[in-house]
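*Asks:* Mind having a look at this structure? Questions to follow.
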Amino acid sequence: MELKKYKIGDLVQVTRGASLGGEFYATQGNYVRLTCGNFDYRNNCFKENQSKDNIYYTGGFKEEFLLEKGDIITPLTEQAIGLLGSTARIPESGKYIQSQDIAKIDCNESLLDKDFAFYLISSACVKQQLSAAAQQTKIRHTSPDKIKECTVWIPSLDIQKRIGRILTDIDNKIAINRQINDNLEAMAKQLYDYWFVQFDFPNEEGKPYKSSGGAMVWNEKLKREIPKGWNVANVFDELSVQYGFPFSTELFTEEPTSIPVVRIRDILENSVSAYSEEEVDEKYRLQEQDLLVGMDGNFHMNYWNDNVSYLNQRSVRLRAKSKSTVSIMQAKYDIAPYIKAKELRAKGSTVGHLSDKDLKELFVLVCPNIDFRNKFDSILAEIIENRCEMIELTKQRDELLSLLMNGQATVNYHLSASFLSSLILYRDQYKFYDMKETIIQTVLDGMRAVLTENQLDMLTDVTRKALSECEITPKATEEEQRNKENVELLGAFISSKKVEGCSDKTIHYYKSSIEKLIATVKKNVCDIATNDIRCYLAEQQEQRGLSKVTIDNLRRIYSSFFSWLEDEDYITKSPVRRIHKVRTDALVKEVLTDENIEVLRDSCQELRDIAMIDLLLSTGMRVGELVKINREDIDFQERQCIVFGKGNKEREVYFNARTKIHLKKYLEQRTDTNPALFVSLHEPHTRLTISGVEVRLRQLGKRVNLNKVHPHKFRRTLATMAIDKGMPIEQVQKMLGHVKIDTTLHYAMVNQTNVKIAHRKFLN
């Protein structure tokens, strides 16, 4: 890709805004004055200014400073590090006034595409030049002349348009996710008001509880009536509460080479700007859906998105407990009024503070119905999923921006087929949004020569009213239409699997497998034939060397997808029906003998390892269940513990006396505070992962010349022992947490010696 060198001043006009008198600032009005607070510089987009109350301007100003939708602006003052060089698009015409701290960018469209210019100004190349030339005062400044003096290298206008389109598609998808989350938050708040304020949740007959005469009782703590059977509890009783770790600010770095630290300033932005190499306990580590509250200044509250960050001091995290009916979303709405009231009371002081005492005075409503929590949890999970997608899309956009702007990549830069398809889909959604206005403007331009201004205004009103009830869609290419339909159908199928309760891992496997098939066959999914799938499976087996088991797994996934299409009447008959099950070799899977088990125990030099072996063998739990167990989950009195299996299904498992003894010895010699049952042997004593358990067992097996020692072998061994000793298969099924008894039979390998004895007993 050939790049040509320019000064930005050769490509654009950069103009400073108006000087607006402070005496005309107001809390309401017709026009909003733009400030640096209107730049979401982390995401490079426009945001409404929520940091000031007097954002309106009631004085006079020149019409040229009233901006139009789509105008590009950039700040001239760096009120936060990273602000200079950021850009934003004006979202609405006739509302926003350009102030003197804001520059407007007008492109010479014969040389520079407007969309491309938006990303060019905010590129690293320009930002570095602006930063170097900025006036070094307490608050750094730039000017229109300094912006115009920046040197850039740009491709041809055609390539600019294509680059601008790709990057805009990504930003549009981010904007849609943001709008979806706003709607989800509004829906959750409406549910909360309906259920926990009005108490008109559906009763057993599906009628509004309170309005239908449901019993209410007076609660002294809340000074109001609540439904009979409900309680009020302190947040410390219903939620897991953890204050942040006192990280040393002197050791903070901006380099993401160590652990990310969440400070109060990061809570609202949901992003991390500081890192530390200090050793810190795992209890300070955040999880997805944790509710964070800043305890100084403005008491910001927000849900967290990841499980790799650690909480800094003067912030607190609230986490839903597994056995509580209180969801974290409900808890936020419950405590928000009290937090807000505390914030307002603190306005008169220099800095407001939340104390431990303040938090211990917060209460939540406790209803006996877990359905309420489940509904809120599902909404929050979708919000977090959308946020994570936005973060990933922003990362992809920024990486692409850097590569495309310096010529390291072309507009043919490889993205996944599914990603490009989704961009097409969301680009179309924005086309629909703008289509009516485009038509109106086209009509007005055609009639402008023969109509007066008043007649044009009347025509605008009539046309807009006539189109308000219409749905207009652009004509898509055959490929775009096919991609759109495929994405929509696959999305609907994946949603059905989520409703069925499939795990995230299973969902991902289904989605990626079907996407690869669609991308390879290049047909509408409703037109895919049996032979297309056969050829695809054969190619996968030949080219990638996939096993028969894997090929049959793919066949089952495609069978599920096309059967769903058949059930939903998208196709008349599934093309997978004529593709039979792939025959695989029936292998007898080994189990551990009594001798193997004793040898393994004797080889253990750590109390943790022998406790782990005994727990796996006596309970038959899955390794994924093992690593999730906390110390508090163990009931030594009853010799049992609670585990969460596939699909987050909760069940009790039981262990023997030997396991109890070894577990107690192991826990007694622990000096760390990690709540996990099994942790690493060395500091910082982090929770063992699935791979950590697998590696350790494999090492123990090699030490005594036992091959293929893995966690699942203990589960299979327990099932076999149970059946051999006469335990009813139904009880074995319950013990292992299987939904279908056929699965249990696969696990239970009947001992061949017992078969020989039985033959002699019954048939000789």
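Since every read-out is calculated from the coordinates, none of them should be taken as a lab result. Bear in mind the structure is a predicted one, so any value in this text is a computation, not a measurement. Note: ideal-geometry Cβ built from the backbone for every residue, glycine included; neighbour counts use all protein chains shown.
*Asks:* Normalised by the number of residues in segment 4-154, what is the relative contact order in percent for Cα pairs under 8 Å and 6+ residues apart?
*Replies:* Reported relative contact order: 34 percent.
*Asks:* Taking the Cα atoms only, what angle lies between the long axis of helix 124-133 and the longest principal axis of the chain, rounded to 10 degrees?
*Replies:* The angle comes out at about 60 degrees.
*Asks:* Here's something else I'd like to know. 7 Å from Cα along Cα→Cβ at both Asp672 and Leu111: what's the point-to-point distance in nm?
*Replies:* 6.1 nm
*Asks:* Now, a different point. Once every DSSP H run of n ≥ 4 in the chain is given -39500 (n - 2.57) and the sum is divided by its residues, what mean residue ellipticity at 222 nm do you get, rounded to the nearest 500 deg cm²/dmol?
*Replies:* Result for the chain, helices only: -14500 deg cm²/dmol.
*Asks:* Turning to a different aspect of this structure: Which pairs, out of Lys189/Lys340; Lys189/Lys321; Lys221/Lys649, put more than 23 Å between their alpha-carbon atoms?
*Replies:* Too far apart for the 23 Å limit: Lys221/Lys649.
*Asks:* Estimate the FRET efficiency between Leu66 and Glu149 by the formula 1/(1 + (r/R0)^6), using the beta-carbon distance for r and 35 Å for R0, to the nearest 0.05.
*Replies:* 0.80
*Asks:* Something else now. Can you pull the one-decimal nm distance between simple spin-label points at Ile729 and His580, each 7 Å off the Cα toward Cβ?
*Replies:* Result for the modelled spin labels: 2.6 nm.
*Asks:* Report, ordered by chain and residue number, the lysines lying within cross-link reach of Lys522, taken as a straight Cα distance under 21 Å and ignoring same-chain residues fewer than 8 apart.
*Replies:* Lys475, Lys484, Lys511, Lys573
*Asks:* Would you order Lys628, Lys52 from fewest to most other beta-carbon atoms within 10 Å of each residue's own beta-carbon?
*Replies:* Lys52, Lys628
*Asks:* Using 0.36 nm per residue, how much length does the chain from Gln541 to Arg698 gain when fully extended, once their Cα-Cα distance is taken away?
*Replies:* 53.6 nm
*Asks:* Let me ask you something else. Arranged by the count of other C-beta atoms within 10 angstrom, fewest first, what order do Trp153, Trp564 take?
*Replies:* Going from sparsest to densest Cβ surroundings: Trp153, Trp564.
*Asks:* Moving on. When the chain is fully extended, how far beyond the present Cα-Cα distance does Arg464 get from Leu268, taking 0.36 nm per residue of separation?
*Replies:* Gain on stretching Arg464 to Leu268: 66.7 nm.
*Asks:* Normalising by the residue count of segment 534-601, find the relative contact order in percent from Cα pairs under 8 Å and 6+ residues apart.
*Replies:* Here the relative contact order equals 28 percent.
*Asks:* Got a sec? Which residues in segment 289-320 would a label at Asn630 touch, if it sits 7 Å along Cα→Cβ and we count backbone N under 16 Å?
*Replies:* Under cut-off, by backbone N: 289-291, 317-320.
*Asks:* So how do Lys146, Lys7, Lys323, Lys516 line up by other beta-carbon neighbours within 10 Å, fewest first?
*Replies:* Lys323, Lys7, Lys516, Lys146
*Asks:* So, one more: Explain nothing, just compute: Karplus ³J(HN,Hα) = 6.51 cos²θ - 1.76 cosθ + 1.60, θ = phi - 60°, for every residue of segment 23-39 in order, whole Hz, x for Gly and Pro.
*Replies:* 5, 9, 5, 8, 7, 8, x, 8, 10, 9, 7, 6, 9, 5, x, 8, 9
*Asks:* I'd like the orientation of helix 690-703 relative to the chain: the angle between its Cα long axis and the longest Cα principal axis, in ° from 0 to 90, rounded to 10.
*Replies:* With rounding to tens, the tilt is 40 degrees.
*Asks:* Cut-off under 23 Å on the C-alpha distance; same-chain residues fewer than 8 positions from Lys708 excluded. Which lysines are left, in chain and number order?
*Replies:* Leaving aside lysines fewer than 8 places away in the same chain, those within reach of Lys708 are Lys548, Lys589.
*Asks:* Long-range amide H contacts for Tyr31: which residues qualify at under 5 Å (H placed 1.01 Å from N, peptide plane, sequence gap of 5 or more or a different chain)?
*Replies:* For Tyr31, the qualifying residues are Tyr57.
*Asks:* Of all GluC sites (Glu not before Pro) in segment 1-56, which ones are in loop regions per DSSP and have a Cβ with at most 14 other Cβ atoms within 10 Å?
*Replies:* Hits after loop and neighbour filter: Glu2, Glu48.
*Asks:* When ranked by the protection proxy of mean other Cβ atoms within 10 Å per residue, highest first, what sequence do the peptides 503-512, 82-91, 27-36 form?
*Replies:* 82-91, 27-36, 503-512
*Asks:* So, one more: Farthest toward the dipole's positive end in the chain, which of Ala88, Ile629, Asn369, given Cβ charges of +1 (Lys, Arg) and -1 (Asp, Glu) about the Cα centre?
*Replies:* The residue sitting farthest along the positive end of the dipole is Ile629.
*Asks:* Next question, about the same structure. Starting at the first residue of segment 494-506, write each ³J(HN,Hα) from the Karplus equation 6.51 cos²θ - 1.76 cosθ + 1.60 with θ = phi - 60°, in whole Hz, x for Gly and Pro.
*Replies:* Result, rounded to whole Hz: 4, 4, 5, 5, 4, 4, 5, x, 5, 6, 4, 5, 5.
*Asks:* Quote the relative contact order of the chain in percent (integer), defining contacts as alpha-carbon pairs under 8 Å separated by 6+ residues.
*Replies:* 8 percent
*Asks:* Read through the labelled values (1) 54, 36, 29; (2) 51, 36, 25; (3) 38, 32, 26 and report the label of the one computed as semi-axes √(5λ) of the Cα gyration tensor in Å from the structure.
*Replies:* Label (1) holds the value from this structure.
*Asks:* Now for a separate question. Do any of Lys223/Lys323; Lys47/Lys69; Lys628/Lys664 go past 22 Å between their Cα atoms, and which?
*Replies:* Over 22 Å apart, Cα to Cα: Lys223/Lys323.
*Asks:* When all C-alpha to C-alpha distances in segment 1-132 are sorted into bins of 5 Å, what percent of pairs does each bin hold, rounded to whole numbers?
*Replies:* Histogramming segment 1-132 at 5 Å steps yields 2, 10, 20, 24, 19, 12, 7, 3, 1, 1, 0 percent.
*Asks:* So, by mean Cβ neighbours within 10 angstrom, what's the order for 332-343, 541-552 with the highest one leading?
*Replies:* Going from most to least packed, we get 332-343, 541-552.
*Asks:* Multiplying the sequence separation of Ala80 and Leu184 by 0.36 nm and subtracting their Cα-Cα distance, what value in nm do you get?
*Replies:* Fully extending the segment from Ala80 to Leu184 adds 34.4 nm.
*Asks:* Given R₀ = 35 Å, FRET efficiency for Leu3-His141 by Cβ-Cβ distance, to 0.05?
*Replies:* The pair Leu3/His141 has a calculated efficiency of 0.70.
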